[in-house]
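Input: a single structure, listed below in structure tokens.
The values are calculated or read from the model by the stated rules, or taken from the named source; none is laboratory data. Quick caveat, the model's predicted, so the values are computed rather than measured. Here the Cβ is made from the backbone with ideal geometry for all residues, glycine too, and neighbour counts use every protein chain on show. In case anyone asks, the SASA skips ligands and DNA or RNA and just uses the protein heavy atoms, side chains included. Shrake-Rupley method; radii C 1.70, N 1.55, O 1.52, S 1.80 Å.
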Amino acid sequence: MSTTAKRLFYSSITILLWATAFVFTKLVALDPCTIGALRCLFAAIFLLALSGFTKNSIAAPPRATLRMMLTGVFGFGLYMIVFNIGLMSITASTSSVILALTPATTAFAASFIYKEKLKPLGYICIITAFIGVAILMLWNGVLSINRGIIWTLGGVVFFVTYNLMARGLQMDGYNSIQIVTWAMIAGFIVQIPTAPHMLGELLATNRLSQVVIVYLGVFCSGISYVTWNKAFSYAEKTTEVTNFMFLTPFICTLIGFAVLGEAPDVATFVGGGIIIASVILFGLKGK
């Protein structure tokens, strides 16, 4: 299998799993902070078992370990909190549309940090994408700005930070399981104060929520972030991987309609259409 095919394979698996996370999170009858902490807990347990089974040691020099854990603070700890809070007041499709800003925002930051050049059209696409977000926020008037959108925009910032830090670790020779395992452990530790009774809440909730939270942890956090970092290892530029995120809203909308009966509203079509068009054009012509 060629390097390009491997990158496509791992990126596609990740995007499919992430699309289900937007929808299935809304099926869990638990506090948003509890959901985030449990996702990291089950993901960390799975990854530690995986590293033992594959005899892939997660040991790294102290400084590198600290860097990996710091990626987890942003990418899993803080991101999970704002992502889950945001989903409580917006639809899964709207959330996925906002997070589709991540590729362009990552590329913009990478152009300064890793010298990955953008064309003038790339900057224009980034601006129009944020105009799409403004439409989502202000469609029904200034006073009706949805807090869920604000929380989700915070998720974009934290996930961009994770992408950039993880890319740097990949470039320094560390593997996917190492990075994600330490990151998940750190993400869990960060969230403990926000969900001190998580295990009791998990045992007390319904069976569907218990099954879904394990799925979110093992598949949507554990496996998906390993494949995401694996995709980075086969990429020359950050955008070769992050641009796959523009597919998430489309897949998420289909799953959300099938599972939750969520039909996109007019604001999602208009604002989301601008965002997705901007991101697609950015991926094709902006780099």
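Descriptive notes on the structure:
- Accessible surface of Trp139 - all protein chains present, 1.4 Å probe, nearest 10 Å²: 110 Å²
- Computed over the chain, Kirkwood Rh from alpha-carbon pairs, angstrom: 18.9 Å
- Fraction in percent of alpha-carbon pairs per bin - 5 Å, the stretch 131-253: 2, 8, 13, 18, 17, 15, 14, 9, 3, 0
- Reducing the stretch 190-251 and the stretch 60-116 to their Cα centroids gives an inter-centroid distance of 12 Å.
- Separation of the Ile127 and Ser2 label points, Cα + 7 Å toward Cβ, nm: 3.6 nm
- Of the complete DSSP H runs in the chain, those spanning 24 angstrom or more by Cα along the long axis with a mean Kyte-Doolittle score not below 0.0 are 3-24, 32-53, 120-138, 147-171.
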